[in-house]
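Working notes, beginning with the structure itself.
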Amino acid sequence: CLDSEGKLREFGSKWRTEECNDCSSSRDGIRCCSSYVTPVDYDKEKCESIFNKEICSYKVVEKNDHSKECPVHSWVG
């Protein structure tokens with residue numbers, strides 16, 4: 001199979017894309033899904049979510065002080 005970047009992938013192989021998707025190939029084709037969860041229930045006025053592409057995850061921090069994390073009550077992925 002050829003992936004979206006034009007790389008040849010063997011059947012049964014697994015990989016993570018630069019966009020943080022986990023993919024696998026089979027004789028039926030290639031399947032990809034998000035490797036991370038997204039914060040949805042937090043104080044959006046006081047806090048902001050920041051995506052770290054290096055580790056494929058979100059961190060929710062105070063807008064005025066990124067060293068302080070905010071509580072997240074719900075995530076989707």
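Quick grid of which residues meet (1) basic (Lys, Arg); (2) over 13 Å from Val72 (Cβ atoms):
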{"position": "Arg9", "(1), (2)": "yes, yes"}
{"position": "Cys23", "(1), (2)": "no, yes"}
{"position": "Ser26", "(1), (2)": "no, yes"}
{"position": "Ile30", "(1), (2)": "no, yes"}
{"position": "Cys33", "(1), (2)": "no, yes"}
{"position": "Val40", "(1), (2)": "no, no"}
{"position": "Lys44", "(1), (2)": "yes, no"}
{"position": "Cys47", "(1), (2)": "no, no"}
{"position": "Ile50", "(1), (2)": "no, no"}
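In this structure, does Tyr42 turn out to be at pLDDT 95 or above, open to solvent by less than 40 Å² (accessible area, probe 1.4 Å), of a type outside the set (Val, Ile, Thr) and in contact with a Ser or Thr (Cβ under 9 Å, 6 or more places away or on another chain)?
Yes; evaluated as a whole, the condition is true for this residue.
Since Lys14 meets every condition but one in (1) over 18 Å from the mean Cα position of the chain (by Cα); (2) surrounded by fewer than 11 Cβ atoms within 10 Å (Cβ to Cβ), which condition does it not meet?
(1)
Would you point out which residue out of Ile55, Ile30 is at pLDDT 95 or above and open to solvent by 50 Å² or more (accessible area, probe 1.4 Å)?
Ile55 is the lone residue from the list that is at pLDDT 95 or above and open to solvent by 50 Å² or more (accessible area, probe 1.4 Å).
What number goes with the only condition from (1) open to solvent by less than 50 Å² (accessible area, probe 1.4 Å); (2) touching an Asp or Glu at 6+ places or on another chain (Cβ under 7 Å); (3) at pLDDT below 95 that Cys47 does not pass?
Result: Cys47 passes all but (3).
The values are calculated or read from the model by the stated rules, or taken from the named source; none is laboratory data. If you're wondering where the values come from, they're calculated on a predicted model, not measured in any experiment. Don't worry about glycine lacking a Cβ; one is built from the backbone with ideal geometry, like all the others, and counts go over all protein chains shown. Side chains are part of the model used for accessible areas, which takes the heavy atoms of the whole protein and leaves out ligands, DNA and RNA. Shrake-Rupley method; radii C 1.70, N 1.55, O 1.52, S 1.80 Å.
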